[in-house]
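The values are calculated or read from the model by the stated rules, or taken from the named source; none is laboratory data. All figures in this text were calculated on a predicted structure; none of them were measured in a lab. Here the Cβ is made from the backbone with ideal geometry for all residues, glycine too, and neighbour counts use every protein chain on show.
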Amino acid sequence: MSEQPGLSDQYRDSSPWPLFVALGIVLTEFGVFFGGMFIPVGVGGIILLEGTVVGILREAGYTVTLWKTALGVGALFTAAGIGMLAFSTQSSEFNLYTRGVAVAAGGAVALLSSGGLYAWEFNDAERFQ
């Protein structure tokens with residue numbers, strides 16, 4: 001009988017990603033809730049959340065390159081933010097303007113960073129072969 005039931009020798013390390021997911025969500029909500037001068041905190045939380053999603057997908061082996069994933073995640077977040085802004089202008093009941101700005105700005109930063117990741121990966125192409 002095993003001394004430590006439920007533990008596997010295959011997985012020795014725990015993943016750091018849940019901490020960053022939680023921190024990204026908290027920072028995003030903090031920036032959106034307080035608004036005003038705290039909106040950049042919300043944008044930073046969105047960027048942290050996007051980077052975490054890209055890291056999780058890369059670590060799990062679902063993607064080979066970082067830039068394509070960052071481009072896709074950035075496009076999704078930008079589209080969601082623009083959708084929130086459009087919905088906020090149409091509806092007087094739901095004010096999603098601050099949240100839409102934070103999500104769209106974070107998505108735009110992820111779109112821009114995918115270009116930097118593209119340049120970084122292809123300058124260091126021998127590392128991936």
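Computed values, structure above
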| item | result |
| --- | --- |
| Total residues in the stretch 52-103, condition closer than 19 Å to I25 by Cα and within 12 Å of the chain's Cα centre (by Cα) | 14 |
| Pair list, Cβ < 7 Å and 6+ apart or interchain, from the stretch 62-83 residues that are modelled with pLDDT under 95 to residues that are not in a helix (DSSP H, G or I) | T69/T63 |
| Where a residue in the stretch 27-50 is at pLDDT below 90 and among the β-branched types (V, I, T) and its partner, wherever it lies, is in a helix (DSSP H, G or I) and surrounded by fewer than 21 Cβ atoms within 10 Å (Cβ to Cβ), with Cβ under 6 Å and at least six apart | V32/T98 |
| Test for S113: is it among the hydroxyl-bearing types (S, T, Y) and either outside any helix (DSSP H, G or I) or touching an Asp or Glu at 6+ places or on another chain (Cβ under 9 Å) (or both) | yes |
| Candidates E29, E59, E50, E93, filtered to the one that is buried (at least 16 other Cβ atoms within 10 Å of the Cβ) and of a type in the set (D, E) | E50 |
| Top-ranked residue in the stretch 62-77 [being assigned to a helix (DSSP H, G or I) and not hydrophobic (A, V, I, L, M, F, W, C); ranked as surrounded by the fewest Cβ atoms within 10 Å (Cβ to Cβ)] | K68 |
| Failed item, numbered, when Q10 is tested on (1) at pLDDT 90 or above; (2) not in a helix (DSSP H, G or I) | (1) |
